[in-house]
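The values are calculated or read from the model by the stated rules, or taken from the named source; none is laboratory data. As the structure is a computational prediction, the values presented were derived from the model and not from experiment. Note that each Cβ is placed from the backbone with ideal geometry, even for glycine, and that neighbours are counted across all protein chains shown.
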Amino acid sequence: MRRPLSFAAHPTIWRFPLLVFLLSLLAGGWIFFKAESNRREIELVKANQMVTTYATAITQQFDHALSAANALAVMVHQGKGQVSEFSRLAPYMLNMYKGAYALSLAPDGVIRQIEPAASNRNVLGHDMLADVDRNKVIPTMNQNVVEFYGPIRLLQGPMGAVGQLPVFLKTADGRSYFWGYTAVTLKFPDAFSDARLEDMEKRGYAYRLSGRNPQTGALDVVAASASALEGRHFTRPVKVGGNEWTLEVSKQGSWSNGARLLFEACITLVGSLFAAWLAYLLGGVIRSRKELQRLAQYDALTGLPNRRLLESRLKKAIAGTSGNQHLVAVCFLDLDGFKEVNDSLGHAAGDRLLQQMAQRLQHCMRATDTLARFGGDEFVVILDHLNSIDECEKILERMINAAQEPVQLDGNEVIVSASIGVAMFQPGLDREQLLKRADTAMYQAKQLGKNKYVFAD
C-alpha cells in the first residue's frame, strides 16, 4: 500500500515555496508600508499648502478692507479736518473695500459720522479714547499704521473688529495736532467671506480661525468648521496690523484608515504569490514619491509653479540682474468676475475656468518667463530678461486680451477679465517688497475700472 505524501519526509517540497512566500510577504509588507507613508506625506503637504493659501487670503482681504481708513484720512487732510461729502462717498467706498461693514469719522476720538447710518446709530457719540489717558496715548500714536482691535463684541452687537487710523493735522503756524480717527468696522464672518474658508470642509479638511480678544484677553474662535480638529494639524499666523491671529487646519478623519490598512494586509498576503503584483505596487511607491515632489513645487489644479517655486525663481531673476542691462518685472494678476462664476456655476466650473485661464496666460509668456498660481484666482508672472518697458507692455497686452476671451463652461459662455499690477525691479527691493508693490498696483487697476494693467509708482 502506497503511503501518503509527507512534507516531513520530503522537506525540499515545501522549503523553497515557503521561503518565496515569506520573502514576498515581507517585500509586500514593506511596499505597502512605504505606500501608506507616502500617502500620509502627500496629505500633509496638501494640508500645509492649504493652510498657507487660506491664511494669505484672509490677510489680504483684511488689509484691503482696512486700507479704507487711509483713504478716509486723505479726505480729512484734503478737507483740512472737514469731510462734507462723507455721507455721499462712504456708501461708494463700502462697495469698493470688500469686507468693510461700516466707515466712520471720529474727530477728537468721538464718532460723529458713520455710514451706513441707519444700522449704526447707537455708535454715534462713542468716545474711542474714553478708557485711556489721552495725554499719554496721543503722543505715542503712529499716524502711518492702522490700529487693529479684534476680535471684539461690537457696539452694534455682532462679533467683529475695528481698524482705526490716528490722523494728525497742522495748524497755520505748522504745529501738528491730533485731529481724531478714521475708522473701519469689520463684521464677522462677512469680513473674510471672500477667503471661502468653508471650501476647506468640502475638500475634507477641518479648520479653526481664532484671535486674542483685546477686551477679555481670551482666545476667541472667529470661524470654525462643523467638524472638530483632530490628529495632526497645521497652523499659520494671520497677521493684521500689530495683531496675529491663528488659522489651524487638519484632515477630517484619521490620517491612517484602519480598514484600508487591513485590506492592504490581505492583498499583501495574496499578492505574495504573484511577483507581478509586487512590481506593480513598487511602481505605485515610485509614483507616489514623484507626486510628492511635484506637489512641493507645483499647483495641483493648474499644474503651474506654486508660491515656493515662484519665490525661488524670483530670487534667481533678481540675482541675475547684477551687472546686466536687462529688466525684471513682477506682475500680480487677479481675475475680474471669478467669484460670480463660482457662485453661479459652482466650484467645479470655477476650477475649469482657472485651468483654461492658466493655459491661455501660459501661451502669452516667453521661454524665460514664469507664470505661477499665487492662490485662489490670483496669478503672479515674472518677466525676466526684458529689453525695454515696451516689451513688457506688449506681453501685458497679450495677457489682458487673452483673459477676456469667452470661455465655454457647461454650455454657458463666460466672460471674465484681468486686473494686473506691475512692479519693476529696482536695486534695494527684495522679493516681498516687489510682490507687495505689484499687489498694490493690482488693486489700483481694479479701482480704475478693472481689465487693465497699472505700473507701481
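If Ser344 satisfies all but one of (1) under 25 Å from the mean Cα position of the chain (by Cα); (2) surrounded by 17 or more Cβ atoms within 10 Å (Cβ to Cβ), what's the number of the condition it fails?
All conditions pass for Ser344, except number (2).
So which residues in the stretch 168-203 are of a type in the set (A, V, I, L, M, F, W, C) and touching a Ser or Thr at 6+ places or on another chain (Cβ under 6 Å), if there are any at all?
Phe168, Ala183
Across the stretch 164-204, what is the total count of residues that are touching a helix residue (DSSP H, G or I) at 6+ places or on another chain (Cβ under 9 Å), among the polar types (S, T, N, Q) and in a strand (DSSP E or B)?
Residues flagged as touching a helix residue (DSSP H, G or I) at 6+ places or on another chain (Cβ under 9 Å), among the polar types (S, T, N, Q) and in a strand (DSSP E or B) within the stretch 164-204 amount to 3.
Within the stretch 62-87, track down each residue that is surrounded by fewer than 21 Cβ atoms within 10 Å (Cβ to Cβ) and over 17 Å from Leu169 (Cβ atoms).
Asp63, His64, Ser67, Glu85, Ser87
Would you please list the contacts, defined by Cβ atoms under 9 Å and residues six or more apart or on different chains, that run from a residue in the stretch 79-101 that is farther than 22 Å from His64 by Cβ and in the same structural domain as Gln164 (by TED's automatic domain parsing) to a residue that is charged (D, E, K, R) and not in a loop (DSSP other than H, G, I, E, B)?
Ser87/Glu115
Among (1) within 18 Å of the chain's Cα centre (by Cα); (2) under 30 Å from Val83 (Cα atoms); (3) of a type in the set (A, V, I, L, M), where does Leu165 come up short?
Only one criterion is unmet by Leu165, namely (1).
Specify which of the listed residues (Asp369, Asp384, Asp336) is of a type in the set (Asp, Glu), modelled with pLDDT of 90 or more and crowded, with 21+ Cβ neighbours inside 10 Å.
One residue alone meets the criteria, Asp384.
Any idea which of Ile395, Ile420 is surrounded by 15 or more Cβ atoms within 10 Å (Cβ to Cβ), in the same structural domain as Val328 (by TED's automatic domain parsing) and under 23 Å from the mean Cα position of the chain (by Cα)?
After ruling out the rest, the residue left standing is Ile420.
When you look at Arg153, is it assigned by TED's automatic domain parsing to the domain that holds Gly241 and at positive phi, yes or no?
no
Quick check: anything in the stretch 375-397 over 13 Å from Val328 (Cα atoms) and in contact with a Gly (Cβ under 9 Å, 6 or more places away or on another chain)?
yes
For the stretch 372-392, what are the residues that are in a helix (DSSP H, G or I) and touching a residue at least 12 places away in the same chain (Cβ under 8 Å)?
Scanning the stretch 372-392 gives Ile389, Cys392.
For Leu129, indicate whether it is touching a residue at least 12 places away in the same chain (Cβ under 8 Å), part of a loop (DSSP other than H, G, I, E, B) and more than 33 Å from the chain's Cα centre (by Cα).
Yes; evaluated as a whole, the condition is true for this residue.
Of all residues in the stretch 348-380 being among the hydrophobic types (A, V, I, L, M, F, W, C) and touching a Ser or Thr at 6+ places or on another chain (Cβ under 7 Å), which is nearest to Arg398 (Cα to Cα)?
The residue in question is Ala358.
Quick one: would you say Gly160 is surrounded by 12 or more Cβ atoms within 10 Å (Cβ to Cβ), over 29 Å from the mean Cα position of the chain (by Cα) and among the small types (Gly, Ala, Ser)?
no
Quick check on my filter: what residues within the stretch 205-226 are part of a loop (DSSP other than H, G, I, E, B) and under 24 Å from the mean Cα position of the chain (by Cα)?
Asn213, Ser225, Ala226
Answer yes or no: is there a residue in the stretch 178-197 that is under 29 Å from Gln156 (Cα atoms), acidic (Asp, Glu) and in the same structural domain as Gln61 (by TED's automatic domain parsing).
Yes; the residues of the stretch 178-197 include at least one that is under 29 Å from Gln156 (Cα atoms), acidic (Asp, Glu) and in the same structural domain as Gln61 (by TED's automatic domain parsing).
Which members of the stretch 319-349 meet the condition of being part of a helix (DSSP H, G or I) and closer than 18 Å to Ala402 by Cβ?
Once the filter is applied, which keeps residues that are part of a helix (DSSP H, G or I) and closer than 18 Å to Ala402 by Cβ, the stretch 319-349 yields Phe338, Val341.
On the given criteria, is Glu115 more than 19 Å from Tyr177 (Cα to Cα), surrounded by 13 or more Cβ atoms within 10 Å (Cβ to Cβ), of a type in the set (D, E, K, R) and modelled with pLDDT of 90 or more?
Answer is yes for this residue.
Being touching a helix residue (DSSP H, G or I) at 6+ places or on another chain (Cβ under 6 Å) and either assigned to a loop (DSSP other than H, G, I, E, B) or closer than 17 Å to His385 by Cβ (or both) is the filter here, so list the residues in the stretch 352-371 that pass it.
Scanning the stretch 352-371 gives Cys364, Thr370, Leu371.
Any residue in the stretch 15-32 that is assigned to a loop (DSSP other than H, G, I, E, B), modelled with pLDDT of 70 or more and either assigned by TED's automatic domain parsing to the domain that holds Asp194 or in contact with a helix residue (DSSP H, G or I) (Cβ under 7 Å, 6 or more places away or on another chain) (or both)?
no
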